[in-house]
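Read through the structure below, which is laid out as structure tokens, and then see the notes.
The values are calculated or read from the model by the stated rules, or taken from the named source; none is laboratory data. All figures in this text were calculated on a predicted structure; none of them were measured in a lab. Here Cβ is always computed from backbone atoms with ideal geometry, including for glycine, and neighbour counts include all displayed protein chains. Accessible surface areas use protein heavy atoms only, side chains included; no ligands, DNA or RNA. Shrake-Rupley method; radii C 1.70, N 1.55, O 1.52, S 1.80 Å.
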Amino acid sequence: QVQLHESGPGLVKPSQTLSLTCTVSGGSMTTYFDYWSWIRQPPGKGLEWMGAIASSGSTYYSPSLKSRTSISPDTSKNQFTLKLSSVTPGDTAVYYCVRFRGDFVGDYWGQGTQVTVSS
């Protein structure tokens with residue numbers, strides 16, 4: 001069974017860059033048709049898809065976040081990393097890494113990690 005685990009700081013100051021890493025176990029990031037994604041949920045709001053990286057290394061981003069978002073892999077460590085620059089308090093959310101299959105089913109989720117943007 002694939003397991004995903006998010007790691008990174010729980011508190012980030014405004015204007016800084018948030019960096020979160022997702023570690024994959026029990027599966028391979030190189031499997032065709034899988035997409036490794038980041039989703040977040042601000043308090044009191046719905047889920048927001050941020051972006052994804054495919055097994056090929058191709059990346060896809062939400063139009064609202066693409067100017068500030070970067071997702072990169074480290075296949076030797078079975079990890080992929082989210083970087084979100086110029087953060088504001090509006091970026092406070094629970095952040096999840098998720099595997100989406102080629103049929104767009106998100107079958108594996110990390111437990112989520114709370115990130116607070118505050119001075």
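Quick rundown of the values:
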item	result
The chain: relative contact order as a whole-number percent, Cα under 8 Å and 6+ apart	35
Solvent-accessible area of K66 with every protein chain in place, 1.4 Å probe, in Å² to the nearest 10	120
Largest-first ordering by accessible area, 1.4 Å probe, given options D103, D74, D91	D103, D74, D91
Fraction of accessible area attributable to carbon and sulfur, segment 35-119 (%, probe 1.4 Å)	50
Gain on full stretching of the segment that runs from V94 to Q41 - 0.36 nm per residue minus C-alpha separation	18.6 nm
Accessible-area order (highest first, 1.4 angstrom probe) of the listed residues Y32, Y108, Y95	Y32, Y108, Y95
FRET efficiency for S76 and R101, using Cβ-Cβ distance with R0 set to 25 Å, rounded to 0.05	0.60
All aspartates and glutamates inside 17 Å of K45 as judged from Cα atoms, apart from same-chain residues fewer than 8 positions distant	D91
Segment 23-119: projected area of the alpha-carbon convex hull, averaged over directions, in nm²	6.6
